[in-house]
1. If r is the Cβ-Cβ distance from residue 429 to residue 326 and R0 is 22 Å, what FRET efficiency results, to the nearest 0.05?
2. Can you compute the FRET efficiency between residue 103 and residue 78 using 1/(1 + (r/R0)^6), with r the Cβ-Cβ distance and R0 = 25 Å? Round to the nearest 0.05.
3. Ordered by packing density, taken as the mean number of other Cβ atoms within 10 Å over each peptide's residues, highest first, how do 446-453, 37-44 rank?
4. Multiply the residue separation of residue 301 and residue 162 by 0.36 nm, subtract the distance between their alpha-carbon atoms, and state the gained length in nm to one decimal.
5. Could you list, in their original order, any pairs among 329/354; 78/429; 316/406; 277/408 whose Cα atoms are separated by more than 22 Å?
6. Could you please rank 120, 168, placing first whichever residue has the fewest other Cβ atoms within 10 Å of its Cβ?
7. Hey, with R₀ at 41 Å, roughly what FRET efficiency would residue 362 and residue 121 work out to, going by the Cβ-Cβ distance, to 0.05?
8. If you count, for each residue, the other Cβ atoms within 10 Å and average over each peptide, how do 286-293, 198-205 line up from highest to lowest?
Amino acid sequence: MSQGLVRSYESQLDTLYRFADGVIIFAMLVFSVAVYARTWSDQYTITAISATILFYFSARLNKLYCSYRVSRLLDEFKPLMMSWAATLAGLLVLGYSFKATQDLSRVTLGIWALSTPVMLLAWRRLLRQGLKAMRAKGYNTRSVVILGVDENAKRLAKNIIAMPWAGLVLKGFISQDYTGEVLTEDGRSWSVLGGMDDLFSMTRQNEVDIVYIAIPMHERATITAILKELGDSTVSIFMVPDFCTAEIMQGSWVTVGDMPTISIIDNPIQGMDSWIKRLEDIVISSIALIVLAIPMAIIALGIKLTSTGPALYRQKRYGMRGNPISVWKFRSMSVMEEDSEFVQAKAGDSRVTKFGAFLRRTSLDELPQFFNVLGSSMSIVGPRPHAVSHNEQFRGKINGYMLRHKVKPGITGLAQVNGCRGETDTEEKMAHRIRYDVDYINNWSVWLDLAIIFKTPMALISGENAY
């Protein structure tokens, strides 16, 4: 490797990753046999080879072998664990189909199943540390310029500066209209290097490896001209979307015939994923209703004994695709307002009964919504259903607000486990909650759902902002 401006080694690293993963899968089975079974057999050889093939196949589906140069180790964790889980599931199917499991030690396979992903992750950590040390000395670095000087460009620059381990060296900014210093971080300054002609000169002379185009996307003619000119060089080019788009976009490629398109807004839970999430909802809500049957009966009795009126009531909410749904709740107020008269509860609200205040603080008033989940109008995890009046109030003010209706509303959600519960009396509070909702939609997975479910009890115990 040469110091300074070098080209990408990602293809070599990709090969290294694949080779090392196969070696680790095989080696950890050898280790597990040595620890417990003591005797190696042809069945273990077949298992190791089958596991390696299955892992490569599932890793491809989970995009494990993509470039992680500018991402964190945590970003590799999810595809790695999903690939290994799919590998184990495939081995179970093969073992059952060919009746080959009786000759294998279950303890040995258990040790192997648990230790292998640990070693796969540890190896990646070790490689990252090695690359980080090399890049700190100037090896395997890539020089970067940013086309643009607005807040979008500055934020990108700060992210690059904050990731020295990625080996990206920011040279400066390009602008036709602005000159001088643009950004100062940690006592260092970055300025405008020149205009378009200077950029084209640098790229033709191989002084730049990466150009990030961070100018407003509505300047299509300018961007087209820049791409045409830069196409006469070997520089890598990345588009940086406006923040108003970046906050809501999903950024996945969808090919329509032979025409590539980018998914900015879409429903992330489709096909098999929708069946998996529905199964998750049915199983968890059924178990919850069985376990909570007696506590819910006690709550209903408590409501009847402490105030006048029904124990249960329904509120109109927007569900998936913005369709109206009726959401069940335990009554916690002395009145039951129509949605047109709805006023969100505040601290010390006189309408809330003493018993109702306890129910609202602990979110026990939401328990009947497990019936909504079982009936398919809601999900266990998703954006919380807002009052219709709140929807109409904020949908035109907050960018991406209605995206929360791309999925079913949930009993709990990412916003709730991150402290966004209770009163949303300002646009800023609502926007903060919506950012979590959109983040959940764009990054949905079964693992994320389970993580939110496990975090929910602690969020409820805190009881903050729930009136």
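1. With R0 = 22 Å, the Cβ-Cβ based efficiency is 0.25.
2. So the FRET efficiency works out to roughly 0.15.
3. 446-453, 37-44
4. Stretched out fully, the residue 301 to residue 162 stretch lengthens by 44.4 nm.
5. 78/429
6. 168, 120
7. In this case the efficiency is close to 0.65.
8. 198-205, 286-293
Every number here is computed from the coordinates shown, using simple stated rules; none is lab data. In this text, all values refer to a predicted model and were calculated from it rather than measured experimentally. Here Cβ is always computed from backbone atoms with ideal geometry, including for glycine, and neighbour counts include all displayed protein chains.
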